[in-house]
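What follows is a single structure, written as structure tokens, with notes after it.
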Amino acid sequence: MYPFNPNKPTLYTSKTCPFAHRTVICLAETGVDYETIYINLRDKPEWYPLINPASKVPAMRLTSGDILVESLIISEYLSELYPQAGLMPEDPFDKYRIRIFIENFSANLQTSPYVLLRNGDNDSKHAKLNELVNKLHQLNKLLMESSPEGPFFLGEKFTLADIATFPFIERLFMAAKLLGMSIENISGLERFYQWSDAIRNRPSYKSTVASYDELAASYKRHIPK
């Protein structure tokens, strides 16, 4: 058998995993009371495949005994279960805008922290960072087109568009710093920085994000030796 709380949802998570962080932010926004069980991703418990046969986090056990997997699907489930949190708008076109933004991000920037770290030798890291900065300029353009005033993707509304994407950007900031580089103060990314600052100052984000040291300790193994 595996551990769980029979009286409230149980979240199986990792503090440094960006996918899991999506769900944790959503839970914080909804105000749901839940149990947290941390999974060591490098030494997973023998019982964890009973929760998720793919052995990935997050996973969430409901009090009904049903188990939810896949961070984006769990996040959408929570947004529908708690519509008062406003994580997904009612307007169908705004829902489309959020989903296409997440899809675009997933195709272009979701793997960026790992890509940068795996090219962490001096010969290739600067070239790879320049490639990623070009993609950040495209992200800046998308944010401007969606809401020039900001601060979030849908203006004043904090939604799944922000929750599903920024945990990976946080890790990109970390990866650049870990390699002795930076993606701070780059001309032309003003809307991107406004977006980043607004999310970092959101209580649901501030209270759940891992520290730089925690992230660096987890991710430095991706740097070639």
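Quick check on Ser71: is it under 28 Å from Ser211 (Cβ atoms), at pLDDT 95 or above, surrounded by 17 or more Cβ atoms within 10 Å (Cβ to Cβ) and not aliphatic (A, V, I, L, M)?
Working: under 28 Å from Ser211 (Cβ atoms): yes; at pLDDT 95 or above: yes; surrounded by 17 or more Cβ atoms within 10 Å (Cβ to Cβ): yes; not aliphatic (A, V, I, L, M): yes.
Yes; evaluated as a whole, the condition is true for this residue.
With the structure loaded, tell me whether Gln110 is over 24 Å from Asp213 (Cα atoms) and either in a loop (DSSP other than H, G, I, E, B) or touching a residue at least 12 places away in the same chain (Cβ under 8 Å) (or both) or whether it fails that test.
Values: over 24 Å from Asp213 (Cα atoms): no; either in a loop (DSSP other than H, G, I, E, B) or touching a residue at least 12 places away in the same chain (Cβ under 8 Å) (or both): yes.
Taking the combined requirement at face value, the residue does not satisfy it.
Go through region 117-225 and tell me which helices (runs of 4 or more DSSP H), entirely inside it, have 3 or more residues that are surrounded by 14 or more Cβ atoms within 10 Å (Cβ to Cβ) and aliphatic (A, V, I, L, M).
Details: elements: 125-146, 160-163, 166-178, 190-200, 203-206, 212-219.
Of the helices (runs of 4 or more DSSP H) lying wholly inside region 117-225, those with at least 3 residues that are surrounded by 14 or more Cβ atoms within 10 Å (Cβ to Cβ) and aliphatic (A, V, I, L, M) span 125-146, 160-163, 166-178.
Return yes or no: is Leu27 buried (at least 19 other Cβ atoms within 10 Å of the Cβ), among the aliphatic types (A, V, I, L, M) and closer than 22 Å to Arg171 by Cβ? Spell out the reasoning first.
Numbers: buried (at least 19 other Cβ atoms within 10 Å of the Cβ): yes; among the aliphatic types (A, V, I, L, M): yes; closer than 22 Å to Arg171 by Cβ: yes.
So Leu27 passes the test.
Could you please let me know if Ile186 is over 19 Å from Val24 (Cα atoms), among the β-branched types (Val, Ile, Thr), touching a residue at least 12 places away in the same chain (Cβ under 8 Å) and not assigned by TED's automatic domain parsing to the domain that holds Cys26? Steps first, please.
Details: over 19 Å from Val24 (Cα atoms): yes; among the β-branched types (Val, Ile, Thr): yes; touching a residue at least 12 places away in the same chain (Cβ under 8 Å): yes; not assigned by TED's automatic domain parsing to the domain that holds Cys26: yes.
So Ile186 fits the description; yes.
With the structure loaded, tell me whether Glu80 is under 20 Å from the mean Cα position of the chain (by Cα), more than 16 Å from Phe19 (Cβ to Cβ) and not assigned by TED's automatic domain parsing to the domain that holds Lys206 or whether it fails that test. Steps first, please.
Working: under 20 Å from the mean Cα position of the chain (by Cα): yes; more than 16 Å from Phe19 (Cβ to Cβ): yes; not assigned by TED's automatic domain parsing to the domain that holds Lys206: yes.
Answer is yes for this residue.
Return yes when Asn140 is out of contact with any Gly (no Cβ under 9 Å at 6 or more places or on another chain) and modelled with pLDDT of 95 or more and no when it is not. Can you show your working first?
Working: out of contact with any Gly (no Cβ under 9 Å at 6 or more places or on another chain): no; modelled with pLDDT of 95 or more: yes.
Against the criterion (out of contact with any Gly (no Cβ under 9 Å at 6 or more places or on another chain) and modelled with pLDDT of 95 or more), Asn140 does not qualify.
The values are calculated or read from the model by the stated rules, or taken from the named source; none is laboratory data. A quick note: this is a predicted structure, and the numbers were derived from the prediction, not measured. Neighbour counts are summed over all protein chains in view; Cβ atoms, including those assigned to glycine, are modelled from backbone coordinates with ideal geometry.
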